[in-house]
1. Local charge sum around V147 (other residues, Cβ-Cβ under 10 Å, Lys/Arg +1, Asp/Glu -1)?
2. For the chain, what is the number of Lys pairs with C-alpha distance below 24 angstrom, counting only pairs 8 or more positions apart or on separate chains?
3. Among DSSP beta bridges whose residues both lie in the chain, state the antiparallel percentage, nearest 5.
4. So what's the convex hull volume per residue for the Cα atoms of the chain, in Å³?
5. Please report W14, W157, W142 as a ranked list, fewest other C-beta atoms within 10 angstrom at the top and most at the bottom.
6. How would D118, D68, D129 line up from fewest to most surrounding beta-carbon atoms within 10 angstrom?
7. Tell me, what is the percent relative contact order of the stretch 17-181, built from C-alpha pairs under 8 Å that lie six or more residues apart?
8. Consider a paramagnetic label point 7 Å from the Cα of L159 along Cα→Cβ; state which residues of the stretch 79-114 have an amide N under 17 Å from it.
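Computed from the coordinates by the stated procedures, all read-outs in this text should not be read as laboratory data. Model, not experiment: these values are computed from the prediction. FYI the Cβ positions are ideal-geometry reconstructions off the backbone, even for glycines, and counts take in every protein chain you see.
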Amino acid sequence: MLSNELLFPCVEGWLIPEERRILMMAGVAVDSQDGVIVEIGSYRGLSSLCIAAGIHQNPTKPLFYSIDPHDGLGVTNQKYGLNDLTQCYRNFGHYSTFGQYINKLTTYSMTAARMFDDEEVALLFIDGDHSELGVTEDLNAWLQKVVIGGGIFFHDWELESVRAAAGKFSKVLRAEESDPSAPNLQLFTRIAWS
């Protein structure tokens, strides 16, 4: 098993070591018979590689899709974009042992959601547009794609916008106990139809 220190120290991103470990363990835990893994928002691929490192250790090898338009729209000052996509692919190539498990979809979350069947996703990681509207739109597009009992991780849980959007779905999502060493990562379980 990979240790926290070995989880891609050269890849730029905003995940503390414990968040990297949690995402890796999520990749280990998903059974391919339960569904696929989907990530919304990838920046330069750090979270993608962490999940893929888990899949590498998972005997069932669930399919994994990483979705990001990489166009800089919807982001403060349009700071991110094609340079990050280029670096993302470089990172996947550099760590090809893990990058081989990542199916990169360079499109918008709502567009990609139409490519998936209802109840096809076992684990959804939301780390895209962090505005309340953006997170709400992601949940509206993807919630029915997640199997009952499936997991939904939110990154940047410290942001009011992320918490407010998730709160709108409290009738169909149950918050799981969070890890105090990773306070910006919150897991929910889908418990009902929306």
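1. Details: positive: K145, R190; negative: D34, D118, E119, E120.
Local charge sum for V147: -2.
2. Details: K61/K104; K61/K145; K79/K104; K104/K145; K145/K168; K145/K171.
Counting lysine pairs in the chain gives 6.
3. Numbers: 8 of 26 bridges.
Around 30 percent of the beta bridges assigned by DSSP in the chain are antiparallel ones.
4. Details: hull volume 20.3 nm³, N = 194.
About 105 Å³ per residue, rounded to a whole number.
5. Details: W14 12, W157 17, W142 21.
Taking fewest neighbouring Cβ atoms as first place, the list is W14, W157, W142.
6. On the way: D118 11, D68 26, D129 22.
Going from least to most buried by this count: D118, D129, D68.
7. Details: 285 pairs, mean separation 37.6, N = 165.
Over the stretch 17-181, the number comes to 23 percent.
8. 79-81, 108-110
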